[in-house]
Amino acid sequence: MSHELRTPLNAVIGLADLLLLGRDPLVDRQREYLDGIASSGRHLLALVNDVLDLAKIEAGKQELRLESIPIHDAIEEGMTAIIPLASARGVMLEPATIVAVPNVRADRVRLRQILYNLISNAVKFTDRGGMVRIRARRDDDRVAIAVVDNGVGIAPSDLSRLYRSFEQLTLPSGDRPQGTGLGLALTKRLVEMHGGTIDVESELGSGTTFTVRIPVA
């Protein structure tokens, strides 16, 4: 199933990118259409990936390849991947504050996925000119990683819906950020598979802090 869904989408995205980067000149409307095809393809691929990952976890077939990972490296990888989105939205990423923390025992790919989801979510809910910060510290036998933003915040009535599949919160403007509605649901399940926890604190109009705690190596 995974191969049958991902391969055609990757082909569509790849062909659109090839045409955009090719030598043959394109009129503005052609370039606009190709940009739309590539963008929609990536959005659909992200949705497919999230659905398949979540289905695999809920079926008990997702396995973790646990190893000792420096938390600084994992955070840097997550932040680097978000730079294009943050730049496009005019949101600043503050260098991570890491206070003498040990390595964590985690699956490298899934830990990167957890951090990417949390940081990208913070960027999407932060207005232009805002800032997203990442902090890490030891908390007993775990490492606490906090993703802090000074964005729009989350209404108390919405907090109970955060980790439901296909739930998307609405911004105060009435808009909904582009996404699959699966990011936080998937993140919570991945954190719990590591024996960790995830908590959220938010104040409407002031910002949100998600804190993930992962066992030390």
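Nothing in this text is a laboratory measurement; each read-out follows from the coordinates by a stated rule. Note that the coordinates shown come from a computational prediction; the quantities given were computed from them, not determined experimentally. Every residue, glycine as well, gets a Cβ built from its backbone with ideal geometry; the counts of neighbours run over all protein chains shown.
Let me make sure I get this right: for the range 2-58, a, b and c are the square roots of the gyration tensor eigenvalues over alpha carbons, sorted descending. Under 1.5 in a/c it's rounded, otherwise prolate if a/b > b/c, else oblate. Which is it? Prolate is the answer for the range 2-58, as a/c is 1.5 or above and a/b outweighs b/c. Each residue in Met131, Met92 was given a count of other beta-carbon atoms within 10 angstrom of its own, and listing them fewest first yields Met92, Met131. For the range 46-147, the alpha carbon positions stretch 42, 37, 18 Å along the principal axes, listed from largest to smallest. Its Cα gyration tensor gives the range 14-105 an equivalent ellipsoid. The semi-axes, each the square root of 5 times an eigenvalue, are 35, 22, 11 Å from largest down. Each 5 Å bin from 0 upward holds the following percent of the Cα-Cα pairs of the chain: 1, 7, 13, 17, 18, 17, 13, 8, 4, 2, 1, 0. Considering only beta bridges that DSSP places wholly inside the chain, some 80 percent are antiparallel.
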